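Asks: The structure follows.
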Amino acid sequence: MSVIKTTGLTKLYGGNPAVSDLNLEVEDGEVYGFLGPNGAGKSTTIDMLMNYTRPSTGTLTVLGRDAQQDGSEIHARTGILPDQFGVYSTLTGREHVSYILDANDAIGDPEAILKRVGLADAVDQRAGGYSKGMEQRLGLAMAIAGEPELLILDEPFSGLDPYGVRLVREVVAAERDRGATVFFSSHVLDQVERVCDRVGLLSDGHLIAEGTPKELRDMAGVRTQLRIETNSNDPPIQVISELADVEDVFYDSGRVVVTCPRTVCYRVLETLDGAGVNIQSFDIEQGTIEDAFVELASDS
Ligand SMILES: Nc1ncnc2c1ncn2[C@@H]1O[C@H](COP(=O)(O)OP(=O)(O)OP(=O)(O)O)[C@@H](O)[C@H]1O
């Protein structure tokens, strides 16, 4: 079942399209990354999904319901981290989460939920004293409170340090594992590929490409290269080329260069080491979603 489905979705502001003819289908249980640079139309799309703004033309359903007519039911079944998330400065973290649980008639332990987002030490602190990153974590806690069927997260990585970024990825993965569907937007492209099942690339309001991170990298022709420095004169190139998923391998003046998915790099190194090759150093140059985006956006 499609949890989110848009057909010909278009939003004009003053005659200018913020979103153009968007056809999107997000399936039950998947993590979908909605990616694009500033001004691409991500927040406008999310605003239409949540019925904060109406489409100019096109249709959209969320959780099988009409986004405009069944807005309250959709809101009750969806956890939302909005783009402009603001805290109530006089309320504590616990009170924020309790409010969401009460509003949705849901059961949950605010303390446990806040702990999951790294706010265990700030449960009873007033949110007015939270840092920007803590506010963002609180927003995530409010989104996941009550185990909603769908999570819509607008820029969940914004304002977070690397530890916070990792934590968001872990929370998203855990939510998917419990069966939720996750739709999130981001312009920080390299953060998303580890957690998304599928991504859609939005540019100037148009969906320019869609697929798994690997499909997009392949579509754009970006590759990961593992470069190994060795003083062996005759490394077992043939053996490496026969490893599953290795696309290309060559040896040139003390350097073995292997084109393969990042997940295979360790196996390549292990195989060379097992064959007695002296590995002096190595580096991995990974083709990223960002490379794919730049490539695909320039083609569109
Ligand atoms: N209320 C509005 N009135 C007029 N134009 C708007 C309005 N909201 C958005 N826009 C325009 O629509 C386009 C898409 O904006 P949107 O905020 O959806 O992009 P975004 O991809 O979410 O960007 P960001 O990553 O910066 O949040 C932009 O050109 C923006 O200026």
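Asks: Check Val168, Val199 and return the single one that is of a type in the set (Val, Ile, Thr) and within 21 Å of Leu24 (Cα to Cα).
Replies: None of the others qualify; the one that does is Val199.
Asks: In addition: Only one of these conditions is not met by Pro17: (1) surrounded by fewer than 19 Cβ atoms within 10 Å (Cβ to Cβ); (2) more than 16 Å from the ligand (Cβ to nearest atom); (3) more than 22 Å from the chain's Cα centre (by Cα); (4) of a type outside the set (S, T, N, Q). Which number is it?
Replies: Failing condition for Pro17: (2).
Asks: List the pairs whose first member sits in region 251-268 and is in contact (Cβ under 8 Å) with a residue 60 or more places away in the chain, whose second member is surrounded by 15 or more Cβ atoms within 10 Å (Cβ to Cβ), and whose Cβ atoms are under 9 Å apart, counting only residues at least 6 apart or on separate chains?
Replies: none
Asks: Same structure, new question: Quick one: in region 186-220, which of the residues that are within 14 Å of the ligand (Cβ to nearest atom) and modelled with pLDDT under 90 is nearest to Ile46 (Cα to Cα)?
Replies: Once the filter is applied, the top-ranked residue is Ser186.
Asks: Just to be sure I understand, how many residues within region 23-40 are in a strand (DSSP E or B) and either within 15 Å of the ligand (Cβ to nearest atom) or surrounded by 19 or more Cβ atoms within 10 Å (Cβ to Cβ) (or both)?
Replies: Number satisfying all stated conditions: 7.
The values are calculated or read from the model by the stated rules, or taken from the named source; none is laboratory data. Source: prediction; values computed, not measured. Positions of Cβ are backbone-derived with ideal geometry, glycine not excepted, and every protein chain shown enters the neighbour counts.
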